[in-house]
Amino acid sequence: MGTTYSLPEEVLTTKVAQYSFRISKELYALRATSKSGLALAQRGLSSSCSFLCRHVHFRGEADPRRDEAVGRVFGAGCIRLSAHVRSPERIAALDAFVRRTNGGLFSLNLWTCDVTAEALLRMCQASPKLTKLRGPSSVAIPDSTVISISAACPDLNEVSFSHIGHSPAETYEHHFPRLNHVNLLFDGGSRPYRPTLIDAIRKTALTCRHARYLELDGCHVTADVIEAIVGTPLGDSLQHFGEIDDDTVLEPDAILAAARGFPEFCSLKIPQGSSMPGPGFYIDLSRTTARITCLHLEDETTTDACIAAACSHLRLEWLELEYLGLLTSGIVDAITRSQSAATLSSITIEYSASDPPEPGSPLSAADVLRLLQGCPNLRGLGWSLREYDSDRAGLDRVLCQGIVDLLKDRGATVEACDFDELQLGFGMVDDGRIIHSWYYNGKES
């Protein structure tokens, strides 16, 4: 039996080179065959089509000498590097690895490393193609170093540094004009965090001309924060406030400022932590803009009158109502008698209007069917209720089937139906989107 040393040179360079190496042992074996095998392994690792070791993770328990060896073999092919190292020896090995990537890194994550500001800058200067960077969470990075990093890595579009007393938008983000989002949340303090450095926020919004997303989850947002973004490239592109949780506070004037000043703003979520001043707010909103077509309400003070005002003065296409305990079955008339009845294509009612205060009747299956009948373009439906609310929902097999049949008649594709214990689950395809909907008596999905 022959050995790889006996393979003709052209076999290694033509036939073997076509093989896609995906296991490190294969590359180690190829390196050991001959000088040609070593050269072929190095070419494969450094080429853009190499699959192996594009992402390397440094762990704290490894021998620094092993890291150095890995860097010699795989450094040229690495484009994403993350690390969890703290000792000076390990950090030195990490620094050496970065240099061996020959400037090919696109992503560098040092969040759990005790890397000094000087070492961080050195690694960034060795990686001019970086687009994503997470600096060390436990090390304060001075502004002078941040400025040097922005000059060394001009293509950075995602950047985060350690907690520095204020949000990224108020401190360092204006140094990185290619960022794809602006972050108003300071993670180092209690939530909700209230941004106050208004001039810095505006500077960031003006500088980051590529940003299309405003991260304000966990913030207390006032009107002056929104006004600082109005008229900037960021403000001109925002269509919504993004994903925001219950601890986010949006002041009513901040929402009105966004509706008035953001020309593309068309989707609004009011989280549980925010409280609007009644039906008049939605009338004011409609006078400010006619662009809001998607409304997602979790404000616990929302009443039937609020729903009536929103649906009557806006032309809604999507409506989501979640955990609104003050609602009653009166929302059906509020919706079907409004101008939104002709435009609504999807509605979700989750754990709302199921146990209203007195006097008031809970939403029932008959009400849901009436809602569908009163909204001729409604093809997306979600209705969720808790098991202990099911007795009040009037779940009847005939009514459930009537809901399904009406949706089918409108072109929705019902993927699955289960009438056991009067539980019904179905998914609908609406204009190419799969909408998962639940209508059931029993367990939460």
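We did not get these values from a lab; they are worked out from the coordinates using the rules stated. As the structure is a prediction and not an experimental result, all values here were calculated from the model. Neighbour counts run over all protein chains shown; Cβ positions are idealised from the backbone, glycine included.
Quick notes on this structure:
- Here the range 79-104 and the range 292-338 have alpha carbon centers that stand 54 Å from each other.
- Converting phi to 3J(HN,Hα) with the Karplus coefficients 6.51, -1.76 and 1.60 and the offset θ = phi - 60°, the range 363-368 yields 5, 10, 4, 4, 5, 5 Hz in sequence order, with x at every glycine or proline.
- Vicinal HN-Hα couplings computed from phi for the range 143-148 (Karplus, 6.51 cos²θ - 1.76 cosθ + 1.60; Hz; Gly/Pro x): 4, 4, 5, 4, 4, 5
- Listed peptides 188-199, 361-372, 285-296 by packing density, highest first (mean Cβ within 10 Å): 361-372, 285-296, 188-199
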